[in-house]
Amino acid sequence: MTQRPPLMPKATAVWLVENTSLTFEQVAEFCGLHPLEVKGIADGDVAQGIKGMDPVASGQLSRAEIERCQKSSNARLMFAESKHKLPVIKPRKGPRYTPVSRRQDRPDAIAWLVRNHPELTDAQISKLVGTTKPTIQSVKDRSHWNSPNIKPVDPVTLGLCSQIELDAAVQKASKRADKNRPPLEEGQTLLPASETVSRIYSEPEKEEKEGDQGYSADHVFAKLGGSEKTSAEDEDEN
């Protein structure tokens, strides 16, 4: 059973990366992130400017639990038992909220998704980046007002979506594309390897080429032998 992510997952991941020796996989599983996102946090490419939040101070983790997992890379962090019953938060339906500081990065993210994952639909891109279909279309046909300055950038790096969400969307789009792909006709199927190999070795390609030139291998060797015999008779006469 997958446990719920902590409050402020990226801020918690930043604190764990900076203050513990936990592996990327341990931090990623606890915070509900992708290991590559955690690696990006450690490298300074992701979550820039986010201040780390101490999960011990907030009561989400215990110091003993962190020490236990630091001793074994196979151990997984477990939430501390809450003293209060928290209400179940229902997933919110609707467009993703994008902070004002990140909204100017959406065209760059759209361009990256269109170039690297053409199988994604406009609805999926809209959900991942938190934009509208007219904006996506304007980036595709280069009618966007800022088209000369748009550069494709990974939306995960920009913080517009998580790697897990992107992977799930790409996987879903790939399955849909495979399902909608028309089946190959009989003449379009590949021949078995055994039949292909047998055809190669059964066709006397070399003899055909030699036959086109008007002589065969036996004829060449016979001619060479006759020339050697003639030269030997000439030497005897001398």
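Just so you know, all these numbers are worked out from the coordinates, no wet-lab data involved. Just so it is clear, the model here is predicted, and its values are computed rather than measured. Backbone-built Cβ (ideal geometry, glycine too); neighbour counts: all protein chains shown.
Summary table
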{"item": "Cα-Cα P(r), region 9-71, percent of pairs per 5 Å interval", "result": "4, 20, 35, 26, 12, 4, 0"}
{"item": "Taking region 100-179 and dividing mean pair separation by its residue count, relative contact order in percent (alpha carbons under 8 Å, at least six apart)", "result": "42 percent"}
{"item": "38, 100 arranged by Cβ crowding within 10 Å, fewest neighbours leading", "result": "100, 38"}
{"item": "Dipole axis of region 9-71 (+1 Lys, Arg; -1 Asp, Glu on Cβ), positive-most option in 56, 11, 28", "result": "56"}
{"item": "Loop trypsin sites (Lys or Arg not before Pro), region 120-177, which have at most 12 other Cβ atoms in a 10 Å radius of their Cβ (DSSP)", "result": "142"}
{"item": "Residues 128, 36, sorted so that the one with the fewest Cβ neighbours within 10 Å comes first", "result": "36, 128"}
